[in-house]
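For reference, the structure discussed in these notes is given below.
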Amino acid sequence: MRGKRWWSFIITLFILAILPTHAFAGTKEHFDKKAYEKIVKGNIGRIITGNIDVEEMLTDMEQAVKIGLAGCEKYMSEPEIPQTENKIMRYIINNAQKMKSLNLDQIETLWHEGGGLKKKGIDISTMDHFSEVMCHYDSVVHPVTAIICLKQYMRTNDEDLLAQIKAELAEVKEHIKYLD
């Protein structure tokens, strides 16, 4: 009997030792500002130098969206976040994938101008453009817009789309300065 208790004790200690590791692994990711900045700067550089690799840029923008969404989720988990800001973060998280299927006019109206949120009773035009919530919001909207531009560029080779991508990334580069 004593041997069984000993093994029970060892197994219990083992389980208790690995629980904190698993609990930590399940926590929400944070906004990886350095990785995001690297993606943005690298892709602005590609456009400036004319070293356009659309597939690689699409992969980078998808990664930027993922990092942006992690930032939105982390921001939502803060205890003092106002209800309106929570709704904004939830809305962008729930719609990020759908956003990618929009055309440029639609993303401009629904997301850059806030038309989608206005239908939900939230007017982002009244918010500080460089507030934490809007910077997180833009950390998703701008790379999604770049994805839409890149997909259209693949079909048309319209150089104006590259200029728009550069502008989108330059703008979000300013926003992420305000995030930790």
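Each reported figure results from applying straightforward, stated rules to the coordinates on display, with no laboratory input. A quick note: this is a predicted structure, and the numbers were derived from the prediction, not measured. Reconstructed Cβ throughout: ideal geometry from the backbone, glycine too, with neighbour counts over all protein chains shown.
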Using the Kirkwood radius over Cα pairs of the stretch 30-178, the Stokes-Einstein translational diffusion coefficient at 20 °C and 1.002 mPa s, in µm²/s and rounded to a whole number, is 139 µm²/s
Determine the alpha carbon to alpha carbon distance for each of 41/151; 119/166; 98/166 and list only those over 27 Å. 119/166
At a 10 angstrom cut-off on C-beta neighbours, averaged per residue, how do the peptides 160-170, 97-107 rank from highest to lowest? 160-170, 97-107
Taking the stretch 53-107, which GluC sites (Glu not before Pro) meet the DSSP loop condition and have no more than 10 other C-beta atoms within 10 Å? 80
Ranked packing of 139-147, 42-50, most packed first, by mean Cβ within 10 Å: 139-147, 42-50
Which is farthest toward the positive dipole end of the stretch 30-178 among 126, 116, 94, measuring Cα position about the Cα centre, with Cβ charges +1 (Lys, Arg) and -1 (Asp, Glu)? 94
